[in-house]
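Novice: Handing you this structure, nothing more for now.
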Amino acid sequence: MEPILSGRRALVVGVANEHSIAYGCAHAFRQAGADLAITWLNDKARPHVEPLAQALGAEITGPLDVSEPGQLEAIFEKVRDRWGRLDILVHSIAFAPKEDLQGGLLDCSADGFAKAMDVSCHSFVRMARLAAPLMTEGGTMFAMSYYGAARVVPNYNVMGPVKAALEAACRYLAYELGPSGIRVHAISPGPLKTRAASGLKDFELMLNAAAEKAPLGELVDIDDVGFACAYLATDFARRITGGTIYVDGGANVVG
């Protein structure tokens, strides 16, 4: 890939292993010449993520659990101290308690719904608040969604309303940050075999249905998502903001 992001600085949150959507984004950004900051969730995740970050030449690394007070601010302080600015932000994290995720929406507890909304949606708003002052020359923010935000997907359950809120947050942030030259995108990949997706009931059925439905006739992978985000982070996409970008082989256009 041409170094079309040379000199750009990207913070990627959500890498769990080499199968993560966030890793696909980080890999694509690096191929395009960007400098990277990569986080891991906790000490348990660190051995899986740190070698990937080192292989990609990440200049900034560290723990980031958005539910732990102070960790979000700490990673942005690292970015400020090392780089002084930021150009790209990727939010690729989501969580719901297992008992609330695997039951229907009617059975989701208030606490479970609130936890899912905080980690999967409001944390992006908090990141945007910290990132915006660092995007002194404009920038691009990404949040990962899914088709279940727009249409009912069996077994997606509480994450459907939560991802719908995330997509709405992207629209409102695009409106508020546009005057600063900051663009905001909700990215909606087709189903992918990631660790997070493994918690969904009958996920293999979702994969098979997506492949059969897609006009291109095949599933997407993390590189497809990363390449799309790399393009959107360039000046080639300088007038695109606020929408939900589907990276799913066209499956979203088929009823």
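The values are calculated or read from the model by the stated rules, or taken from the named source; none is laboratory data. Here the structure is a predicted model, which is why all the values come from computation and not from measurement. Heads up, the Cβs are rebuilt from the backbone with ideal geometry, glycines too, and the neighbour counts pull from every protein chain shown.
Novice: Tell me the helices (runs of 4 or more DSSP H) entirely within the stretch 150-235 that contain at least 1 residues that are farther than 23 Å from Ala16 by Cα, modelled with pLDDT under 95 and out of contact with any Lys or Arg (no Cβ under 7 Å at 6 or more places or on another chain). Break it down into steps so the answer makes sense when it comes.
Specialist: Numbers: elements: 159-177, 203-213, 222-232.
Counting at least 1 such residues, we get 203-213.
Novice: Given the criterion among the hydrophobic types (A, V, I, L, M, F, W, C), surrounded by 20 or more Cβ atoms within 10 Å (Cβ to Cβ) and in contact (Cβ under 8 Å) with a residue 40 or more places away in the chain, identify the matching residue among Leu89, Leu105.
Specialist: On the way: Leu105 fails: surrounded by 20 or more Cβ atoms within 10 Å (Cβ to Cβ).
Among Leu89, Leu105, only Leu89 is among the hydrophobic types (A, V, I, L, M, F, W, C), surrounded by 20 or more Cβ atoms within 10 Å (Cβ to Cβ) and in contact (Cβ under 8 Å) with a residue 40 or more places away in the chain.
Novice: Checking the conditions here, which among Ala131, Ala143, Ala45 is farther than 28 Å from Pro179 by Cβ and of a type in the set (Gly, Ala, Ser)? Write out each step before concluding.
Specialist: Details: Ala131 fails: farther than 28 Å from Pro179 by Cβ; Ala143 fails: farther than 28 Å from Pro179 by Cβ.
So the residue among Ala131, Ala143, Ala45 that is farther than 28 Å from Pro179 by Cβ and of a type in the set (Gly, Ala, Ser) is Ala45.
Novice: If we keep just the residues of the stretch 15-50 that are closer than 14 Å to Ile88 by Cα and among the small types (Gly, Ala, Ser), which is surrounded by the fewest Cβ atoms within 10 Å (Cβ to Cβ)?
Specialist: Going through the qualifying residues, I end up with Gly33.
Novice: Among the residues of the stretch 146-162, what is the count of those that are at positive phi and free of Cβ contacts under 8 Å to residues at least 12 places away in the same chain? First the steps, then the outcome.
Specialist: Within the stretch 146-162, the subset at positive phi is 155, 157.
Then drop every residue that is not free of Cβ contacts under 8 Å to residues at least 12 places away in the same chain, which leaves none.
Total meeting the criteria: 0.
Novice: Tally up the residues in the stretch 60-73 that are part of a helix (DSSP H, G or I) and either exposed (fewer than 14 other Cβ atoms within 10 Å of the Cβ) or hydroxyl-bearing (Ser, Thr, Tyr) (or both), please.
Specialist: Start the filter on the stretch 60-73 by keeping residues that are part of a helix (DSSP H, G or I), which leaves 71-73.
Cutting the leftovers down to either exposed (fewer than 14 other Cβ atoms within 10 Å of the Cβ) or hydroxyl-bearing (Ser, Thr, Tyr) (or both) gives us 73.
The qualifying residues number 1.
Novice: Take Phe95 and decide whether it is on the phi < 0 side of the Ramachandran plot, assigned to a helix (DSSP H, G or I) and crowded, with 16+ Cβ neighbours inside 10 Å. Before you say what the answer is, go through the steps one by one.
Specialist: Details: on the phi < 0 side of the Ramachandran plot: yes; assigned to a helix (DSSP H, G or I): no; crowded, with 16+ Cβ neighbours inside 10 Å: yes.
For Phe95, the condition - on the phi < 0 side of the Ramachandran plot, assigned to a helix (DSSP H, G or I) and crowded, with 16+ Cβ neighbours inside 10 Å - is not met.
Novice: Please go through the stretch 6-59 and pick out each residue that is without any contact (Cβ under 8 Å) to a residue 12 or more places away in the chain and either under 13 Å from the mean Cα position of the chain (by Cα) or not in a loop (DSSP other than H, G, I, E, B) (or both).
Specialist: Our first condition is that a residue be without any contact (Cβ under 8 Å) to a residue 12 or more places away in the chain; within the stretch 6-59, this holds for 44, 47, 50-51, 54-55.
Matches in the stretch 6-59: Pro47, Glu50, Pro51, Gln54, Ala55.
Novice: Of a type outside the set (Val, Ile, Thr) and under 30 Å from Phe236 (Cα atoms), is that true of Ser109? Walk me through it before giving the result.
Specialist: Details: of a type outside the set (Val, Ile, Thr): yes; under 30 Å from Phe236 (Cα atoms): no.
Spelling it out, it is not the case that Ser109 is of a type outside the set (Val, Ile, Thr) and under 30 Å from Phe236 (Cα atoms).
Novice: What's the total number of residues in the stretch 38-78 that are under 12 Å from Ala22 (Cβ atoms), in contact with a helix residue (DSSP H, G or I) (Cβ under 7 Å, 6 or more places away or on another chain) and not aromatic (Phe, Trp, Tyr)?
Specialist: Matching residues across the stretch 38-78 total 5.
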